[in-house]
Each structure stands twice: as structure tokens, then as C-alpha cells.
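Here is the structure we will look at.
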Amino acid sequence: MSTLTTKQTNSEAKEFTSKRIDESNEKFKMIAENVTISYGGIAAVKNITMKFKEKSVTALIGPSGCGKTTFLRCLNRMHDMTKNAKVAGKVMIDGIDLYSKSIDPIYHRRKVGMVFQKPNPFPTMSIYDNVTAGLRLNGVKDKKILEEIVEDSLKMAYLWDEVKDNLKKPAIELSGGQQQRLCIARALAIQPEVLLMDEPASALDPIATQKIEETITELKKEFTIIIVTHNMQQAVRVSDYTGFMYLGDLIEFRETKKLFTDPKNELTAKYVQGQFG
Ligand code: ADP
Ligand code: MG
């Protein structure tokens, strides 16, 4: 771990960040531009710009309350449902502003799936019905199509082998780790292109966590993944890029390896060295 010899300001680190990421010529699936999110007039996320490369994993790290969940939720317009929340700025998916009045928010939001911190399957529904719930809401009735999607989604979530003979079992009878992979399968069933995950393993034991991390590593071959984690080792293991947030600001955003081994900002350096949490 290198120590910082020169004091660099936030803006220097930010400039460095965006320059590096802009210079590469891979495709960006999603871009958040100058996003500010306030609750009752108080900003919880301050003017954040971040670009997410297609088929990569980006981790968001930072101390509790720094705005990670708040930022993640703006990426699929989830604040629309929160009365006191206001989102300013742009969120582009495939070059189209998710917040533009002229787009169909349902169509574009469907490109983005979400997995929450606590596994939240529909408890009384079977495994099968959990996976198909979103599709049925969207009017898919063909049994053969539904069955195919159930199998594909459960395979992608690395749960199929464990549940294929018990698809009618209530979701609640699965272990916590299996429930979370079921929630991943449920999110994948509606065929999103981006997957948002808010501390998906924080409620799980180490073995279940490892399974989720393996799943993420496989899923990035197909999907663009943005994951919030308070576990720095997890960010190192699963992500290609990491953004460090502090008090609503994006302090530094770079390739994961570089952010952890050669942080450009003093705050990032202190955080990744575990000097505060
Ligand atoms: P993190 O996920 O990094 O722990 P959050 O995004 O949950 O942080 O919270 C960022 C800040 O916004 C915190 O100060 C939190 O109290 C506040 N906040 C989060 N949700 C709401 C809400 N619905 N209403 C008011 N304030 C909120
Ligand atoms: Mg959070």
C-alpha cells in the first residue's frame, strides 16, 4: 500500500479519474451525469458523475450514510416512489436519459434489475412463482416460455441445481443465501441489461457470500453490474472499477486495483487502509 506524499484535492483526483475512464474506448452502458439527490431539500448525493462500462462490475464503497444506496436507487428511478426525494441531473442508459419526459419510463426501467440488501422473495409464493411474477405482471402467459425463463434465470443465478426438483416449494423454505440467489433469478427473469445490487451479501454467511460473489463474476459476462458493498475485500474480489463515496461526494473512481493500491486522494487512502469506517 503506498502512502500519499503529496496532498491532492478532491477535484484533482476526480479529474484524474474521469480522464482515465474516458480515455479507454470501451462502451458505456450507463452514465450518471451531475446527479444530485436530496431528501426534503438536504442533499444526500452531490453532483456525482459516473460512467459504467458494459459487461463490467463497478463497486460503490464508503462509510455508512455516505449516499451509496441513494445513488444506486436513482439508476432505475426508484426515488419516483419516495415523496420527499428529488433527483437532479441525468442518468443515461444506452444514450437515452432515463429521466427524460419523452421516454417510456417502464420500458427503460425494465432494462435495470435490482437486488436488495436483505433477500426479499415473495414469502408465500413458490420458487417458480417468484421467478415468473414479473413476467406474469407483464402479460407473459405461455407456460413453455415461462418454464424456459425459470430454468435459464435459475441457472444464471447458480441456483438451478439446488432447486430444480422442488420448484413448487415455498421460497421461504430456502436458506438465506438461496433466497438471495432466487432474488437474483427473479431480477434476471425480466431480462434486464444492468443489474444493481445493494450489499447483496451483507445478510449472508461466508459460504453463501462466496456463492453470490461467484454468481456476480459469471453474470458480468452478460450484464453491467453496479454493486454497493461495505466489504472492501468483496469490492477487490468482484469489481473492475470502484467508486469511493464520502458524505455524498464521489471522492475517487478508478480501476479497483489502482484505487486500492495507489489511491490518489488522502481520504480514499485512509478509508482503504481501514483508518475509518
Ligand atoms: P448508505 O447507503 O451509503 O449507507 P444512504 O444512501 O442510505 O447511505 O443515506 C444517505 C443519507 O441520506 C443519510 O444521511 C440518510 O440518513 C439519508 N436518507 C436516506 N434515505 C432517506 C429518506 N428516505 N429520507 C430522508 N433521508 C434519507
Ligand atoms: Mg445503504
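The values are calculated or read from the model by the stated rules, or taken from the named source; none is laboratory data. Fair warning: this is a prediction, and the values are worked out from it, not measured in the lab. Methodologically, a virtual Cβ is constructed for each residue, glycine included, from the backbone with ideal geometry; neighbour enumeration extends over all protein chains shown. The protein model used for the area step is the full one, side chains on, heavy atoms only, and it has no ligands, DNA or RNA in it. Shrake-Rupley method; radii C 1.70, N 1.55, O 1.52, S 1.80 Å.
Filter the cross-link list 221/264; 55/118; 51/221; 168/221 down to pairs whose alpha-carbon distance in this structure exceeds 23 Å. Over 23 Å Cα-Cα: 221/264; 55/118; 168/221. Each of residue 276 and residue 217 was given a label point 7 Å from its Cα along the Cα-to-Cβ line. The distance between the two points is 3.4 nm. The GNM of the chain, with springs linking C-alpha atoms under 10 angstrom apart, assigns the highest mean-square fluctuation among 96, 212, 48 to 96.
Solvent-accessible area per residue in the chain equals 49 Å², computed with a 1.4 angstrom probe and all protein chains kept. In percent, rounded to a whole number, the relative contact order of the stretch 200-254 is 24, using alpha-carbon pairs under 8 Å and six or more apart. Averaging the Cα positions of each part gives two centres, and for the stretch 199-256 and the stretch 39-101 these lie 17 Å apart. Only Cα pairs under 8 Å and 6+ residues apart enter the sum, and on that basis the relative contact order of the stretch 51-132 stands at 17 percent. Sum up the charges of everything whose Cβ sits under 15 Å from the Cβ of residue 128, counting Lys and Arg as +1 and Asp and Glu as -1, but leave residue 128 out. The answer is +1.
Within the listed set 100, 153, 56, the Gaussian network model of the chain (springs between alpha-carbon atoms below 10 Å) gives the highest mean-square fluctuation for 100. Considering only beta bridges that DSSP places wholly inside the chain, some 60 percent are antiparallel.
What is the percent carbon and sulfur in the accessible area of the stretch 39-172, measuring with a 1.4 Å probe over the protein chains and ignoring ligands? C and S atoms contribute 54 percent here. Counting Lys and Arg as +1 and Asp and Glu as -1, what is the net charge of the other residues whose Cβ lies under 14 Å from the Cβ of residue 92? Here the count lands on +3. Legend: Rg and Dmax of the stretch 182-228, from Cα coordinates, 10.4, 29 Å.
GNM on the chain, alpha-carbon springs under 10 angstrom: the most fluctuating residue among 246, 39, 158 is 39.
Using C-alpha pairs under 8 Å with a sequence gap of at least 6, the mean separation divided by the residue count of the chain gives a relative contact order of 29 percent.
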